[in-house]
1. Order A:Lys33, B:Lys77, most accessible first, counting only protein heavy atoms with a 1.4 angstrom probe.
2. Please list A:Asp136, A:Asp194, B:Asp216, B:Asp139 in order of solvent-accessible area, largest first, computed with a 1.4 Å probe with all protein chains present.
3. Given 25 °C and 0.890 mPa s, how large is the Stokes-Einstein diffusion coefficient of region A:180-222 in µm²/s, with Rh as the Kirkwood radius over Cα pairs?
4. Would you report the distance distribution of C-alpha pairs in the protein assembly as shown as whole percents per 10 angstrom bin, up to the bin with the largest distance?
5. For every helix of n ≥ 4 consecutive DSSP H residues, a contribution of -39,500 (n - 2.57) applies; sum these over the protein assembly as shown, divide by its total residues, and give [θ] at 222 nm rounded to the nearest 500 deg cm²/dmol.
6. Would you kindly work out the equivalent ellipsoid of region B:167-241 from its C-alpha gyration tensor and give its semi-axes, the square roots of five times the eigenvalues, largest first in whole Å?
7. Run the Debye formula on the Cα coordinates of region B:91-231, all scatterers equal and no solvent, and tell me log10 I(q)/I(0) at q = 0.12, 0.16, 0.19 1/Å.
8. Sort shortest first the distances from A:Glu197 to its counterpart in every other copy, using label points 7 Å along the Cα-to-beta-carbon line, and give them in nm.
2 protein chains.
Amino acid sequence: MEKQEIYPKRLDPFPIRSLKKENLGNQAFEQIKQMIVRGEIPAGKRIIESELAESMGISRTPVREAVHKLGAEGFLKPLPKGGYVVRGLGISDIEETFEIRSILESFAAFLAANRHRHEEILPLEEKIEEFQRSLDNNDLKELARLNTEFHELLYALSRSQRLIKMIYNLRDEIYFLRKIILNSIDMARLSNKDHREIINAIEKRQAKTAEMLVRDHILRGKEFVINEIRKGNVSINHHSF
Amino acid sequence: MEKQEIYPKRLDPFPIRSLKKENLGNQAFEQIKQMIVRGEIPAGKRIIESELAESMGISRTPVREAVHKLGAEGFLKPLPKGGYVVRGLGISDIEETFEIRSILESFAAFLAANRHRHEEILPLEEKIEEFQRSLDNNDLKELARLNTEFHELLYALSRSQRLIKMIYNLRDEIYFLRKIILNSIDMARLSNKDHREIINAIEKRQAKTAEMLVRDHILRGKEFVINEIRKGNVSINHHSF
DNA sequence: AAAATGATAAGTGTCTACAGTTATGGAAAA
DNA sequence: TTTTCCATAACTGTAGACACTTATCATTTT
């Protein structure tokens, strides 16, 4: 077989959290991470530093830096004799990730209920309205973005930088699943209903209620996703060998 | 001032989780991490790659790899114009870390209650007994090790690799605080009493009870530590400038 | 045809060199 | 003496080279 691995260019916007124009190492990190979480590099594929370096027009050094960081963050799995492969996620990995998210995000909601200032609620309500409008217009492609923005606003209210970072990391790990729920119009409606209730509880500083609502929100999402996978409506990354 | 930064050698054993003899990059990672969490490199000190490289007898490349990973994991804070400084922890960082730990570790206990096999309880009970003997003999220097081993055995029962890794990371971040609680004989006794109750609940598969016990266990630890810091009995890293 | 062998290619880990940038310190100017 | 300015030193980021290890594949051997 010819050496013709092509790494496709940007499909749709991936949330780059730290977009201060960075050095090559960090740029490489974000780009490669995108390719992985989107499945553009299939699970099980070995990472070849020189290949990536060439395809990005830079030297191996910054690529290497990026690859090792991705290894440390769990997106790549080290091989016994050096190098990495793209990690694949089995159903139990996905369940695990949803469950930990349910713990962390519900805790963030708990903190948000206690710590938010009143003015900070309005932007969240606006996101909910916007989401609703997109639903009513059947404009489904906006939903993923609005959903992400809603959650990011929400977590910020927890005032816990560490917690937020952990949540983002977990979300990125299952980035490729993010649209499954919202593609079902019924689930999308249910989701926004949840959001309303969550904001309601937070606004009234009912921390325990908010916590419980978020936990159930995420666990319902988990059940739906797992079911879709089991029914074969969604394919998760398979090892390419 | 002369260039004479000396990085002291190993004081007491730091738990190296992956001690398969690694490449220089990973060795450097572990070594530098130790220096940081033990405060051998003071908070606020800028990391100088060539300095570390020389002191470890290797080139800058593997050191650089290690330093960047430590940056990604939060042990080092990036400087606006390149390079890193050792991050310092304020009281609120410490509170934050304890709180997230309380969430994650209590969840691990919840899972452990549901997922453990019966034979796995005995080793935990033995650790508790050993801890008790050390207490009775006033052999306090063993307590930190036994405590760590107990908790590691416990988390393993959760069968959730991701969760365990997150817990370890958080524990490492406040490694330098680990002895404060156990240095108080009263708190150490209380701690082992907690451990007994926790194992009891887990053995009976009372998941919710175990969860609650662990949460309170950790939050009590937090209160104690914060108080010691406030009273000035313990000094947390200060920026060296 | 299957298995063993060895040359070659592929790939990581490590080192060194160098460019560009920021900090330092001392001499010149006020 | 204090401030300004410039040369120099100190570092990081990036590239490229090389050594060593592992995989590949054609050729020989059985």
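The values are calculated or read from the model by the stated rules, or taken from the named source; none is laboratory data. Worth saying up front: this structure is predicted, and the values here are computed from it rather than measured. Heads up, the Cβs are rebuilt from the backbone with ideal geometry, glycines too, and the neighbour counts pull from every protein chain shown. Heavy atoms of the whole protein, side chains included, go into the accessibility calculation; ligands, DNA and RNA do not. Shrake-Rupley method; radii C 1.70, N 1.55, O 1.52, S 1.80 Å.
1. B:Lys77, A:Lys33
2. The residues order as A:Asp136, B:Asp216, B:Asp139, A:Asp194, largest area first.
3. Estimated via Stokes-Einstein, D reaches 233 µm²/s.
4. Computed distribution, short to long bins: 4, 17, 27, 28, 18, 6, 1, 0.
5. -21000 deg cm²/dmol
6. That gives 28, 14, 9 Å for the three semi-axes.
7. -0.44, -0.80, -1.15
8. When each copy's label point is compared with this one, the spacings are 3.2 nm.
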